[in-house]
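Visitor: Mind having a look at this structure? Questions to follow.
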Amino acid sequence: MAFAAVVARTSAQGMEYLVRDTGRAEWAVSAQAAARYQTLRDATRAALRLPSALRAFALPAEN
């Protein structure tokens, strides 16, 4: 099964994608470096667990 979703946010530099959320969230400008989730629901859950200052959302992953 292919991974279907990523977590992203907007910043002054443009779109940033969640790479890792263990302990401290790490972000990358490249969608290819993003952590992939199997479902959009899993990605949404990860986005909602981030602190409110890091407001993020789930997006379908590009192949």
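Visitor: So, in the stretch 9-33, exactly how many residues are in contact with an Asp or Glu (Cβ under 9 Å, 6 or more places away or on another chain) and open to solvent by less than 60 Å² (accessible area, probe 1.4 Å)?
Guide: Residues flagged as in contact with an Asp or Glu (Cβ under 9 Å, 6 or more places away or on another chain) and open to solvent by less than 60 Å² (accessible area, probe 1.4 Å) within the stretch 9-33 amount to 6.
Visitor: OK, next. Consider the stretch 34-46. How many of its residues are over 13 Å from A4 (Cα atoms) and either in contact (Cβ under 8 Å) with a residue 40 or more places away in the chain or surrounded by 15 or more Cβ atoms within 10 Å (Cβ to Cβ) (or both)?
Guide: Result for the stretch 34-46: 1.
Visitor: Please go through (1) buried (at least 17 other Cβ atoms within 10 Å of the Cβ); (2) at pLDDT 90 or above; (3) of a type outside the set (S, T, N, Q) for R49 and return the number of the only condition it doesn't satisfy.
Guide: For R49, the exception is condition (1).
The values are calculated or read from the model by the stated rules, or taken from the named source; none is laboratory data. Fair warning: this is a prediction, and the values are worked out from it, not measured in the lab. All Cβ positions, even for glycine, are placed from backbone atoms using ideal geometry, and neighbour counts span all protein chains on display. Heads up: the accessible areas ignore ligands, DNA and RNA and are worked out on the full protein's heavy atoms, side chains in. Shrake-Rupley method; radii C 1.70, N 1.55, O 1.52, S 1.80 Å.
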